[in-house]
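All remarks here apply to the structure that follows.
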Amino acid sequence: MNFSVPDPENARPAGIPFEVGKLYHRQRDIHQVFGGQERGGIATPSGCPFVFLFTGASGEQFGYSDGWRSDGAFAYTGEGQTGDMMFVRGNRAIRDHMGGGQDLLLFEATTSKGSYRYIGCFAFAGWETLNAPDRKGNLRKAIVFELVPIIEAQPLPETSEEEIQLQEKPLAELRALALAAAASPKVPSKESPRTYYARSLKVKTYVLRRASGVCEACKREAPFLKKDGSPYLEPHHTKRVADGGPDHPSSVGAVCPTCHRLIHHGKDGAKLNDELERYLAGVEQSMDTTPGVSTSQGGPPRS
Ligand SMILES: [Zn+2]
Ligand SMILES: [Zn+2]
């Protein structure tokens, strides 16, 4: 595979260097490139924007298995061979990946040794514990993660009903909703992908409102209006490679398509991303110190 290790100064690769459905050799294509634990289900190479999850036959011998649920989430069993599973190492990396600026990349074992199929990029949406036998046959608490596929934030052709309802809210309320939506569940909770995407939408709607029609990177007006008359800007996640999911509003900027392409593919992309990140931190900090952020800022775009 042709992918160079990003130097630490520009630690973000432009995109995810794996194609959904394609086969990769775990040792050669993943560990030789990114590092990380070569055994076990969860690899967490240091300084890498990805957490690698491997699923396959290994869980089944303990009496349970990973897989898609009917609601579209993927159930992924955590690591820990004996005793109760805890939120340490790989399990903690899954739970805290958003805050750590990492994406979860899921690979599925094939019948060919060492060969894995890339399933896609996922986000942690919740977990449950269930009693399952460990390697010694003793019943213990196993953590089953609920992972939701990250859908790249393609703007929908039509504004959804949920989005319209959100757009009617004042900025301060929208911000409160976004902050709440960005918090990862810290207690066992099952969340459907639908709920997860609804959380995501709250963050997106808030950052677009915050930008009020001006790109948060180049500070120019949005290049055009959408069919509904609102300015066209794209949400960009400054810490993770994938654009999607309910990140903290200080890690999501509303940017024009040119800045967005530049950040992901341009020579000075990392620099612009850094500048955007600093700008967002400042904006969010000033919101924190302004009690009851003025609702007048949140009026309809370009009125
Ligand atoms: Zn711009
Ligand atoms: Zn982006």
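The accessible area of Cys218, taken with all protein chains in place and a 1.4 Å probe, comes to roughly 40 Å². Sorting Tyr206, Tyr279, Tyr232 by solvent-accessible area of protein heavy atoms yields Tyr279, Tyr232, Tyr206, largest first, with a 1.4 Å probe.
Bridge orientation summary for region 107-240: considering DSSP beta bridges with both residues in this region, about 100 percent are antiparallel. Is the shape of region 209-249 rounded, prolate or oblate, going by the alpha carbon gyration tensor and its root eigenvalues a ≥ b ≥ c, with a/c under 1.5 for rounded and a/b larger than b/c for prolate? Cα axes put region 209-249 in the prolate bin. With viscosity 0.890 mPa s and temperature 25 °C, the Kirkwood radius over alpha carbon pairs of region 62-120 converts through Stokes-Einstein to a diffusion coefficient of 182 µm²/s. Computed on the Cα trace of region 8-149, the radius of gyration divided by the Kirkwood hydrodynamic radius gives Rg/Rh = 0.95. Hull volume per residue, based on the alpha-carbon atoms of region 161-290 and their convex hull, is 119 Å³. Assuming a ≥ b ≥ c are the square roots of the Cα gyration tensor eigenvalues, decide whether region 198-274 counts as rounded (a/c under 1.5), prolate (otherwise, with a/b larger than b/c) or oblate. Oblate, since a/c reaches 1.5 and b/c is not below a/b. Each peptide in 192-198, 84-90, 102-108, 223-229 gets a packing score, the mean of other Cβ atoms within 10 Å over its residues, and the list from highest to lowest is 102-108, 192-198, 84-90, 223-229.
The values are calculated or read from the model by the stated rules, or taken from the named source; none is laboratory data. Worth saying up front: this structure is predicted, and the values here are computed from it rather than measured. Backbone-built Cβ (ideal geometry, glycine too); neighbour counts: all protein chains shown. When the accessible area is computed, the model is the full protein with side chains, heavy atoms only, and any ligands, DNA or RNA have been set aside. Shrake-Rupley method; radii C 1.70, N 1.55, O 1.52, S 1.80 Å.
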